[in-house]
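What follows draws every value from the coordinates through simple rules; no lab data is involved. If you're wondering where the values come from, they're calculated on a predicted model, not measured in any experiment. As a convention, Cβ positions derive from the backbone with ideal geometry for all residues, glycine included, and neighbour counts pool all protein chains shown.
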Amino acid sequence: MAWINSPEAPLPIAVLVSGTGTNLQALLDTVHGHEAQVVAVASSVADAPALARAQARGVPTAIFPRSRYPDRPARDEAMAEWLIERGVRLVVLAGVMELLSPVFLERFPQAVINVHPSLLPAYPGLGAIEQALAHGDERFGVTVHYVDAGIDTGPVILQEAVELPGASDPALVLGALRPLEHKLLPEAVRLLAAQRRLVAA
Ligand code: GRF
C-alpha cells in the first residue's frame with residue numbers, strides 16, 4: 001500500500017465503536033476516500049450496528065470483546081497490533097464504550113481522538129447530557145479532543161455549542177447535538193490529516 005507513505009495520500013484511520021455508528025457513518029460519508037481512508041473498524045461488541053456500516057463500504061472489521069482476553073491491557077495490545085498491521089496512523093473513538101489502557105495509547109502517541117457530547121471540561125464521562133440538564137444548563141455542545149489516560153481530559157481540538165433554552169429532555173438535546181458531532185468529527189480528521197501532511201512534506 002504505497003499510498004500510506006505518500007504525503008498527499010489519505011491519512012489511514014481506524015474507528016473504534018460499540019454501538020450505532022452514526023459518527024462512523026459521518027466519516028465514511030465525508031473524509032473517507034478523500035483526506036482520510038478508514039482502513040479498520042474495531043468494535044468491543046459483536047452485534048454493534050456500526051459494523052454493518054463499515055462492511056457496506058468494504059472496510060475491514062474486527063471484534064475485540066473484553067471477555068475474550070485475560071484483562072484490558074491484553075485486549076488493547078491485540079487491538080493495537082491489528083490496527084498497526086493495517087497501517088493506521090490515527091484512531092478515532094466514536095461511541096466506544098470501553099476505557100483504553102495506557103498500552104494502547106502508547107502505541108498511538110498523540111494520535112487517538114474522541115467525540116464527546118458536552119463542552120469539555122464540563123461533564124466528562126457517561127451521562128454528559130443528563131449531567132448538564134441536572135445542572136440547569138441551557139447551553140450544550142460537542143467536543144472533539146485528544147485522548148489521554150484520563151476520562152475525557154485530553155486537549156480539545158474542536159468544540160461547538162448550541163443554545164437550547166428550556167431544554168429538559170435528554171433525547172431532544174442529543175438530537176440537537178448529533179448534527180454537531182457529525183460535522184465536528186470529520187472536520188477534526190481533516191485538520192489532523194492536513195497537519196500530518198505538513199509534517200511529512
Ligand atoms: C456519540 O454521542 C458520542 O458523542 C459518544 O458516543 C455516541 C456515539 O454514537 N462518544 P454513534 O455510535 O456514533 O451513533
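What is the helix-to-structure angle for 72-85, meaning the angle in degrees between its Cα long axis and the longest Cα principal axis of the chain, kept from 0 to 90 and rounded to the nearest 10? Orientation of helix 72-85: about 60 degrees from the principal axis.
Taking amide H positions as modeled 1.01 Å from N, with prolines and chain starts lacking one, the residues under 5 Å from residue 93 and 5 or more places away or on another chain are 16, 113, 114, 115. The Cα atoms of the chain define a convex hull whose projected area, averaged across directions, is 10.9 nm².
Taken over the C-alpha atoms, region 16-92 has Rg and Dmax values of 12.3, 39 angstrom. Electrostatic bookkeeping for residue 154 treats Lys and Arg as +1 and Asp and Glu as -1; over the other residues with beta carbon under 15 Å from its beta carbon, the sum is -3.
Would you mind working out the magnitude of the charge dipole of region 62-201 relative to its Cα centre, with +1 at each Lys and Arg C-beta and -1 at each Asp and Glu C-beta, to the nearest 20 Debye? Write down the numbers at each step before the final one.
Details: 13 positive and 17 negative charges, 120 e Å.
With Lys and Arg at +1 and Asp and Glu at -1, about 580 debye.
Considering helices alone, the calculated mean residue ellipticity of the chain at 222 nm is -11500 deg cm²/dmol, with DSSP H runs of length four and up weighted by -39500 (n - 2.57) and normalised per residue. If we count every other residue with Cβ under 10 angstrom of residue 197's Cβ, Lys/Arg +1 and Asp/Glu -1, where does the sum land? So the surrounding residues net to -1. For region 83-161, the relative contact order works out to 28 percent when only alpha carbon pairs closer than 8 Å and six or more residues apart are counted. Here's the picture: charge each Lys and Arg Cβ at +1 and each Asp and Glu Cβ at -1 in the chain, and of 122, 142, 49 the one pushed furthest to the positive end of that dipole is 49.
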